[in-house]
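The values are calculated or read from the model by the stated rules, or taken from the named source; none is laboratory data. These numbers were taken from a predicted model, which means no experiment stands behind them. Every residue, glycine among them, receives a Cβ derived from its backbone with ideal geometry; neighbour counts consider all protein chains shown. Accessible surface is based on the protein model in full, side chains and every heavy atom, while ligands, DNA and RNA are left aside. Shrake-Rupley method; radii C 1.70, N 1.55, O 1.52, S 1.80 Å.
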Amino acid sequence: MSDTIDVALIGGGIMSATLGTMLKQLEPEWDIRIYERLGEVAQESSNPWNNAGTGHAALCELNYTPEKPDGTIDITNAVKVNEQFQVSRQFWSYLVNEGLLPDPSAFLSATPHMSFVWGEKNVEYLRKRYEALKDHPLFVGMKYSEDPAEIHEWAPLLMPGRAKSQPVAATFIASGTDVDFGALTRMLVAALEDQGAQVRTEHTVTGLKQDKTDGTWLLKMRHEVGLFPLEVRAKFVFVGAGGYALPLLQKSGIPEIRGYGGFPVSGEWLRTDNQAIVAQHSAKVYGKASVGAPPMSVPHLDTRVVDGERSLLFGPYAGFSPKFLKSGSLFDLISTIRWHNLVPMIQVALRNFDLLKYLIGELLASRSDRENTLREFFPNAKGDDWYEMVAGQRVQIIKNVPGKGGTLQFGTEVVASADGSIAGLLGASPGASTAAPIMLDLIEKCFPSKLDEWTPRLKRMIPSYGGTVSADPKLADKLLTETAEALAIAR
Ligand SMILES: Cc1cc2nc3c(=O)[nH]c(=O)nc-3n(C[C@H](O)[C@H](O)[C@H](O)COP(=O)(O)OP(=O)(O)OC[C@H]3O[C@@H](n4cnc5c(N)ncnc54)[C@H](O)[C@@H]3O)c2cc1C
């Protein structure tokens, strides 16, 4: 016989940790368990060296502000991503104020966000982007400059060694952040354990089957050091398995997953721990994407603060591997092909020639090609100071869109069964920064009958819940100030 628990969270990453934390606040008596296949939580995408740690708020990422055919800048996505980050800021502030998270500097560092471009066309684009954003309540405080001396003050590594004739421009905003999502995941999971949740590492969920009589889910598991398969019965299941969410949702047999496929993109970084260099850069500096580059693969030169130590990270250099997790199998991609997603996958392969060309180019790039890309940002960089690291895997969503056919999507999507008893998260961007709003979305999809009862508690956790922050500039100012104080970051 297997136990029946209230909630099974498959995967010990930031998404499960966030959802578990929210549900424990809403229903303290619920029996919540996390099952993680590896020996520790936060070892896949949520590990700090597998992601870039950018608190994505669209303060510097140019892919959220495309130029429209008429030459104006579309800020819709930038505002949406920033709104989402404000939800995360409020949730983390609540947890800090409640003592559920310790000193915020253990997972969050105030790190200015900069966009930096070169070439006349890009300078003109950045100037227009700045004009479009500067008066918006969520982007207050953004500065713009085309003056090399001022840019040098903001980020001293960017200018020396650069041709004086090269037109350059940058924006700077002090309210950016660097987040150690690994530390945050570990601390959230530890706080959950203190509140009675159980964490089972080295437990791989191998099968999921719904009991049609009562709607509960039977999870089959393999314990890495045990001899016998294990089972647990859960009233609600979250598939927070990162890249393995797609194959697990396929195993569950829910019709909602039909037509979805995954396209894995791998990545590598260059990193330096040379403190003479690290001390000269305190920012996250994002550039403009090359043609065909997936939006999340735009290189950036980042200050990273991991376990209190400062380093610089440059990349990611995108690549291709058929694995769906860094620790996954070479058969991952092929094992998710079904008759219902085959056509969308072929359509995506045929329609994304620029992306394929870009990825092949990145795969063929030599070490010295990579150092040259680094020198576009930091002209005096010396190769010997930098070493290579493998980044996490991202599995982009392939989906059949009515009227369009197979489409490659770069966002995230919650896929839930019609009865709300199981849900999973596909996709990767903006990612960990938006774990709180994504998990709120999941809660609304899966627990609609509980929402009236839960709303007052949700509003305590996230004061803007049910509305937006920027609709009221006074509210935006109040929340930005309060969360900045709680998290010890710039307003
Ligand atoms: C190169 C790169 C750069 C990124 N940069 C940023 C950034 O700057 N800012 C940002 O906000 N986000 C960023 N992201 C995205 C972010 O890292 C992810 O969105 C986030 O970490 C995903 O969390 P998760 O919990 O869904 O998945 P994961 O952290 O991958 O956790 C999934 C867990 O499930 C476990 N698991 C899988 N299958 C099973 C099974 N069958 N049974 C039990 N356990 C299982 C895995 O071992 C893993 O621990 C980046 C990602 C990458 C790859």
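Legend: distances between Cα atoms for Lys134/Lys404; Lys143/Lys357; Lys80/Lys235; Lys68/Lys164; Lys80/Lys134; Lys24/Lys235; pairs beyond 27 Å are Lys134/Lys404; Lys143/Lys357; Lys80/Lys235; Lys68/Lys164. On the principal axes of its alpha-carbon atoms, the chain has extents of 74, 48, 46 Å, going from largest to smallest.
Annotation: amide H-H contacts under 5 Å for Gly319 (H modelled 1.01 Å from N, sequence separation of 5 or more, or interchain): Ser266, Gly267.
Karplus-based coupling profile of the range 103-110, in residue order and whole Hz: 2, x, 5, 6, 9, 9, 10, 5, with θ = phi - 60° in 6.51 cos²θ - 1.76 cosθ + 1.60 and x standing for Gly or Pro. A 1.4 Å probe run over the range 3-487, with the rest of the protein chains in place, finds 41 Å² accessible per residue. Treating each Cα of the range 321-477 as one equal point scatterer and applying the Debye formula with no solvent, the log10 of I(q)/I(0) at q = 0.16 Å⁻¹ comes out as -1.11. In terms of packing, defined here as the mean over residues of other Cβ atoms within 10 angstrom, the peptides 248-257, 67-76, 434-443 line up highest first as 434-443, 248-257, 67-76. Taking the Cα centroid of the range 5-30 and of the range 152-176, what is the distance between the two, rounded to the nearest whole Å? Comparing the Cα centres of the range 5-30 and the range 152-176, I get a distance of 43 Å. Entry note: the range 360-430 has Rg to Rh equal to 1.20, where both radii use alpha-carbon atoms and Rh is the Kirkwood radius. Computed as a quarter of the hull surface, the mean projected area of the alpha carbon convex hull for the range 218-304 stands at 10.7 nm².
The charge dipole of the range 3-487, taken about its Cα centre with unit charges on the Cβ atoms of Lys, Arg (+1), Asp and Glu (-1) only, comes to about 1180 debye. Across the accessible surface of the chain, with the other protein chains kept in place and a 1.4 Å probe, carbon and sulfur atoms take up 54 percent.
Amide H to amide H distances under 5 Å link Val298 with no residue, where only residues 5 or more positions off or on other chains count and H is placed in the peptide plane.
Principal semi-axes of the equivalent ellipsoid, √(5λ) from the alpha carbon gyration tensor of the range 1-158, are 39, 17, 16 Å from largest down. Which trypsin sites (Lys or Arg not before Pro) from the range 349-400 combine a DSSP loop assignment with at most 13 other Cβ atoms within 10 Å? Answer by residue number: Lys382. In this entry, the range 28-118 is assigned a mean projected area of 9.6 nm², taken as a quarter of its C-alpha convex hull surface.
Distance from the alpha carbon centroid of the range 353-380 to that of the range 451-487 works out to 42 angstrom.
For Gly262, the residues whose amide H sits under 5 Å from its own are Ile398, ignoring neighbours fewer than 5 places away on the same chain, with H placed 1.01 Å from N. Here the label points at Asp3 and Glu482, each 7 Å from Cα along the C-beta direction, are separated by 3.7 nm in the simple model.
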